[in-house]
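To keep things clear, I will list the structure first and then write my remarks on it.
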Amino acid sequence: MSPLSRRQVLGWGLAGGVMTAAGAAGLWWGSRPPAGPGAPPGSPVSDGPGTGPGASGESLVEPEVFTSTGGVLELELEAAPTTVEIGGRQARVWAFNGSLPGPTLELSPGDTLRVRMTNRLDEPTNLHVHGLHVSPAGAGDNPFVRIGPGESHDYEFVLPDDHPPGTYWYHPHHHGHVAEQLAAGLYGAIIVRDADPVPVTRERVLVISDLTLTAGGALAGPSPMERMMGREGRLVLVNGMFASRLEAAPGDRERWRIINACPSRFLRLSLEGRSVRLLARDLGRLREPVEVGTVDLAPGNRVELLVEAAEGTSTLVASPVDRGAMPGMMGGARPGGTDPMDLLSLRVDGDRARALDDVPAGPEPRDLRGEDVARRRTLDFAMGGMGPGMMRGDGASMSFTINGREFDADRTDVAIRAGDVEEWTLTNSSPMDHPVHLHVWPMQVITGGDGGPQDEPRWADVVNVPAFGQVAVRVAFDDVTGRTVLHCHILDHEDLGMMATIEVG
Ligand code: C2O
Ligand code: CU
Ligand code: CU
């Protein structure tokens, strides 16, 4: 049995346990495998082919790509309930333009992206372009916009000529509904092309997401405890598919653009038995690609990997990540799971491809360590006892705050002078990790934070601040002004109040 199918069996076992917990309602995977003859209900799912969706091993499909022409990309995005097939069964999800993920938007620096966004949900929504360095004002990347049910909004995002190339993404951002709408299926990739292309045989876009479905194929909501921990779906999908398959020829070099679109799940990825090279993280490119065995993505993070295909089959695995525990929960209530999950398999055989040119060095990244700091601040991320959430009756009995305050769109929490470089110490006084995300302006990690080459400037737009830990970042507030937000990218935490407003002007 291949490692892939073996671990799927483990996955089934887990789902069985979940079903017990979910009671009579049951979850999608509780009763029987989604496709093929499989095992009869109730029997252990451990006997050979047909026991899991991987037995079918569908080829990975990528979302439709829309590419800018003449410096402009114009399209309509409709957020609506729809039915898609996942693992051979019908699932009722919410998606952009009926596809999960939504279409991939391909841009170049200097381009203008125009989106007419229409809301066909029965609750408010809006659109955010995660990681893009564009104006948050007016019709731009404005997180305060409310698109009511049945309404549309015209967005215009203008990328500066020197916008860093990279892998970005879009998702709704209406406070109070963000985790729910991502978990339901609303997300898509954005690519900003490099000036000098990296020589590869092919590129792939891999959008990783998770969701939980009932046995009937409807979206299952989280418990109050799961909201406070940050919901993690029982199914982890790549491009909306479960345990899919990729093929390549020996000697192929692939560039994988990977997005963690899960509302709360951290991903520790490895391509078992192989080392790959890390080409980029969030934005821009590393100066030189670095060999890595595993890469960590907090929710919202992206990586670009160079995979040199060598004969054989390997599996892309997401290993569990310890992201802390709920305050006051002795031993229990620990998110993150305990078993590795197989995401897809890569099979390499056939004739050897012809060799490619070496990957040229990336441009020298800016380094704020040598620049003057106009102001220093501390932002503390905390979870406390009885929060106002208790009063809202949403079941979350804990408050989620930044510097002691829950989100209020009408209050300005951080006021900044345009053009300044600031240094922020992000502290976490809770026993759970908080991946901190700032809109519009990327952060350079100065101290703390996870690995990577230490001498090279480390840029990111989501920086994980470990439980009871701290990370210092510097941010250059130039070219763009306006009012936007920073928040924890465990989106349940954001929806429960762990978000602050920032105004640069
Ligand atoms: Cu990916 Cu404020 O969001
Ligand atoms: Cu964002
Ligand atoms: Cu958090």
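Quick note: the coordinates plus some simple rules give every number you see, no bench work behind them. Fair warning: this is a prediction, and the values are worked out from it, not measured in the lab. All Cβ positions, even for glycine, are placed from backbone atoms using ideal geometry, and neighbour counts span all protein chains on display.
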Cα gyration tensor category, rounded, prolate or oblate, for the range 136-176 with a/c compared to 1.5: prolate
Residues in the range 87-121 reached by a label modelled at Glu151 [backbone nitrogen below 14 Å; 7 Å Cα→Cβ]: 117-121
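Return the FRET efficiency for the residue pair Glu123, Glu364: r is the Cβ-Cβ distance, R0 is 51 Å, and the value is rounded to the nearest 0.05.
It comes to 0.65.
Just the projected area, averaged over all directions, of the convex hull on the alpha carbon atoms of the range 176-290: how many nm²? Please list the in-between numbers first.
Details: hull surface 37.8 nm².
The orientation-averaged projected area of the Cα hull of the range 176-290 comes to 9.5 nm².
Compare the peptides 485-497, 457-469 by average per-residue count of other Cβ atoms within 10 angstrom and give them in order, highest first. Write out the running numbers ahead of the final one.
On the way: 485-497: 27.4, 457-469: 21.8.
Peptide ranking by packing, descending: 485-497, 457-469.
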Per-residue ³J(HN,Hα) for the range 233-249, Karplus 6.51 cos²θ - 1.76 cosθ + 1.60, θ = phi - 60°, Hz, x for Gly and Pro: x, 6, 10, 10, 10, 10, 6, x, 10, 9, 6, 8, 9, 10, 10, 8, 9
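Based on the alpha-carbon gyration tensor of the range 429-505 and its eigenvalue square roots a ≥ b ≥ c, which shape applies: rounded if a/c is under 1.5, prolate if not and a/b is larger than b/c, or oblate?
Numbers: a/c = 2.36, a/b = 1.04, b/c = 2.28.
Oblate shape, in that a/c is at least 1.5 and b/c is the bigger or equal ratio.
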Label-point separation in nm, Arg375 to Arg116, each point 7 Å along Cα→Cβ: 4.1
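Determine the relative contact order of the range 109-266: mean sequence separation of Cα pairs under 8 Å and six or more apart, normalised by residue count, in whole percent.
Values: 300 pairs, mean separation 34.5, N = 158.
Reported relative contact order: 22 percent.
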Cβ crowding within 10 Å averaged over residues, with 111-117, 286-292 ranked highest first: 111-117, 286-292
Cα-Cα pairs of the range 71-216 separated by more than 17 Å (percent): 61
Packing rank of 302-308, 478-484, where each peptide gets the mean count of other beta carbons within 10 Å, highest leading: 302-308, 478-484
Net lengthening on full extension, Thr294/Glu311 (0.36 nm per residue, minus Cα-Cα): 4.1 nm
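Full-extension gain between Met225 and Ala249, please, as 0.36 nm times their residue separation minus the C-alpha to C-alpha distance. Before the final figure, lay out the partial values.
Numbers: separation 24, 0.36 × 24 = 8.64 nm, distance 4.61 nm.
Contour length minus the Cα-Cα distance gives 4.0 nm.
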Derived scalar couplings ³J(HN,Hα) [the range 213-222; Karplus, 6.51 cos²θ - 1.76 cosθ + 1.60; whole Hz; x for Gly, Pro]: 10, 6, 4, x, x, 8, 5, 9, x, x
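Restricting to DSSP loop positions (anything but H, G, I, E, B) with no more than 14 other Cβ atoms inside 10 Å of their own Cβ, which trypsin sites (Lys or Arg not before Pro) remain in the range 398-456? All intermediate terms of the calculation are to be shown ahead of the outcome.
Numbers: sites: Arg405, Arg411, Arg417; in loops: Arg411, Arg417.
Within the range 398-456, the qualifying trypsin sites (Lys or Arg not before Pro) (loop, at most 14 other Cβ atoms within 10 Å) are Arg411, Arg417.
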Between the range 113-144 and the range 479-502, the Cα center-to-center distance that results, in Å: 14
Overall form of the range 266-388 per C-alpha gyration tensor (a/c, 1.5; a/b vs b/c): oblate
